[in-house]
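Heads up: the structure comes next, in structure tokens.
The values are calculated or read from the model by the stated rules, or taken from the named source; none is laboratory data. What you are looking at is a predicted structure, and each value in this text was computed from that prediction instead of being measured. Every residue, glycine as well, gets a Cβ built from its backbone with ideal geometry; the counts of neighbours run over all protein chains shown. Surface accessibility is based on the protein's heavy atoms, side chains included, excluding ligands, DNA and RNA. Shrake-Rupley method; radii C 1.70, N 1.55, O 1.52, S 1.80 Å.
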Amino acid sequence: MQVLKSQSIKPRRISELLMKVGSIRCYVSSCRAVLLPRFGGPEVLELRTDVPVPDLKSNEVLVRARAVSINPLDTRMRSGYGRSIFEPLLPLILGRDISGEVAAVGASVRSLTVGQEVFGALHPTAVRGTYADYAILSEEELSPKPTSVTHVEASAIPFAALTAWRALKSTARITDGQRLLVVGGGGAVGFAAIQLAVAAGCHVTTTCGNQSINRVMAAGAEQAVDYTAEDIEVVIKGKFDAVLDTIGVPETERISINLLNRGGHYMTLQGEAAALSDRYGLPIGLPMATAVLLKKRIQYQYSHGIEYSWIYMRADSEGLHEIRRLSEAGKLNIPVEKTFSITQVREAHEAKDKKKILGKVVLELD
């Protein structure tokens, strides 16, 4: 692990640092972090000042967080989504996105160096998240931060953009000239998908609320349909090569399937693995989810000749570096609606729960 000089990381207390000169290591032994000790409302979140920081594995990076964004997954997990997986592991730290500086690196890390500004995102099942002064991510989950954006702006990008990247690039393998429909283009994943598809030369149609029409059109969508005022099935013309459905209710699935060309891809963010596992337990729920997915794949392949997929974010170093390149070029951004201090995490979650803030919310760490 490389050494970071203590004056560079400016710890809140010098006693927080533990140095092992013989192994040339310097790392933070504890730090502030927001813990989730039990499932519930925003009031269950606890900001503690002495949460242990584990030793780094050889491929891991210690990141001094400057900003972390709040994703829908965070509020859902806090409320109990995925309890079949996470309940035995409580307390856990929420948070997936991060932007900050490298504080230390594991022995096998080669692409990042101490002091470098980075951004990235953890896998959805990570137990030690990013709502902390210091977070641990693998090397492949990080990339140099785009120099053209702030830490706040950068922290809003990775998880949403990587989710969209997996759908469009890894699953549908979109190419220049294809037609894409994004259901729910006003959300972070949908908005990222529009920008990724436009950058790839695709023709994009999207559905969204009236307040997002101007933004998605400015991002390159050729048609934006206000789902609150228009009949999607009447207004949208022609067929598509791929549909990314960020809403994933039965009605949007039905409409989307019927708008696909044969050989097209329907992709939804609302996979049923976690929900079925929570309802029936992991031993029964996961096999049930696998059976549901297989049934739908066979059903839609036979009836419509299309591919059906559940989409989840995963680490993709190639994708993250391309996302960084597009952000640098001004072709990919996720607007931040409001920022809170990490000390106001409960207020931030409450605002998202009550839909007081529709856009992206970011927690800043001093």
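Considering the stretch 187-205 alone, what residues qualify as being under 20 Å from the mean Cα position of the chain (by Cα), crowded, with 24+ Cβ neighbours inside 10 Å and either without any contact (Cβ under 8 Å) to a residue 60 or more places away in the chain or not in a helix (DSSP H, G or I) (or both)?
Listed by number, the residues that qualify are GLY190, ALA193, ILE194, ALA197.
All but one of (1) in a helix (DSSP H, G or I); (2) free of Cβ contacts under 8 Å to residues at least 60 places away in the same chain hold for ASP176; state the number of the condition that does not hold.
Result: ASP176 fails condition (1) only.
Kindly indicate the residue of the stretch 227-242 that is touching a Gly at 6+ places or on another chain (Cβ under 7 Å) and not in a loop (DSSP other than H, G, I, E, B) and also surrounded by the most Cβ atoms within 10 Å (Cβ to Cβ) among those meeting that condition.
ALA242
Considering only the stretch 113-142, state which residues are part of a loop (DSSP other than H, G, I, E, B), under 14 Å from the mean Cα position of the chain (by Cα) and not hydroxyl-bearing (Ser, Thr, Tyr).
Correct list: LEU122, HIS123, PRO124, ALA126, GLY129.
Among the residues of the stretch 289-307, which ones are β-branched (Val, Ile, Thr) and either closer than 15 Å to GLY271 by Cβ or in contact with a strand residue (DSSP E or B) (Cβ under 6 Å, 6 or more places away or on another chain) (or both)? Even if it seems obvious, please write down each step before you answer.
In the first step, residues of the stretch 289-307 are kept if they are β-branched (Val, Ile, Thr); the result is 290, 292, 298, 306.
Once the filter is applied, which keeps residues that are β-branched (Val, Ile, Thr) and either closer than 15 Å to GLY271 by Cβ or in contact with a strand residue (DSSP E or B) (Cβ under 6 Å, 6 or more places away or on another chain) (or both), the stretch 289-307 yields THR290, VAL292, ILE306.
Any idea which residue in the stretch 87-103 is farthest from ILE342 (Cα to Cα), counting only those that are among the charged types (D, E, K, R) and modelled with pLDDT of 95 or more?
GLU101
Evaluate the stretch 341-349: report whether one residue or more is open to solvent by 60 Å² or more (accessible area, probe 1.4 Å), polar (S, T, N, Q), part of a helix (DSSP H, G or I) and free of Cβ contacts under 8 Å to residues at least 40 places away in the same chain. Spell out the reasoning first.
Quick first cut of the stretch 341-349, residues open to solvent by 60 Å² or more (accessible area, probe 1.4 Å) only: 343-344, 346-347.
With polar (S, T, N, Q) added as a condition, the list becomes 343-344.
Okay, now just the ones that are also part of a helix (DSSP H, G or I), so 343-344.
With free of Cβ contacts under 8 Å to residues at least 40 places away in the same chain added as a condition, the list becomes 344.
Yes, the stretch 341-349 contains at least one residue that is open to solvent by 60 Å² or more (accessible area, probe 1.4 Å), polar (S, T, N, Q), part of a helix (DSSP H, G or I) and free of Cβ contacts under 8 Å to residues at least 40 places away in the same chain.
Could you run through the stretch 274-319 and say how many residues are closer than 29 Å to SER84 by Cβ and either outside any helix (DSSP H, G or I) or outside the structural domain of ALA172 (by the TED database) (or both)?
The initial filter retains those residues of the stretch 274-319 that are closer than 29 Å to SER84 by Cβ, namely 274-300, 307-316, 319.
Pick out the ones that are also either outside any helix (DSSP H, G or I) or outside the structural domain of ALA172 (by the TED database) (or both) and you get 281, 307-316, 319.
Going through the stretch 274-319 one residue at a time, the tally reaches 12.
Evaluate the following for SER69: is it surrounded by 14 or more Cβ atoms within 10 Å (Cβ to Cβ), closer than 18 Å to SER143 by Cα and of a type in the set (Gly, Ala, Ser)?
On the way: surrounded by 14 or more Cβ atoms within 10 Å (Cβ to Cβ): yes; closer than 18 Å to SER143 by Cα: yes; of a type in the set (Gly, Ala, Ser): yes.
Here the answer is yes, as SER69 does meet what is asked.
Scan the stretch 283-302 for residues that are hydroxyl-bearing (Ser, Thr, Tyr) and open to solvent by 60 Å² or more (accessible area, probe 1.4 Å) and jot them down.
From the stretch 283-302, those hydroxyl-bearing (Ser, Thr, Tyr) are 290, 300, 302; that's our starting set.
Passing the criteria: THR290, TYR302.
Whether any residue in the stretch 121-132 is under 18 Å from ARG314 (Cβ atoms), open to solvent by 10 Å² or more (accessible area, probe 1.4 Å) and of a type in the set (Ser, Thr, Tyr) is what I want to check.
yes
Exactly one condition in (1) at positive phi; (2) open to solvent by less than 50 Å² (accessible area, probe 1.4 Å) is false for LEU260; which is it?
Failing condition for LEU260: (1).
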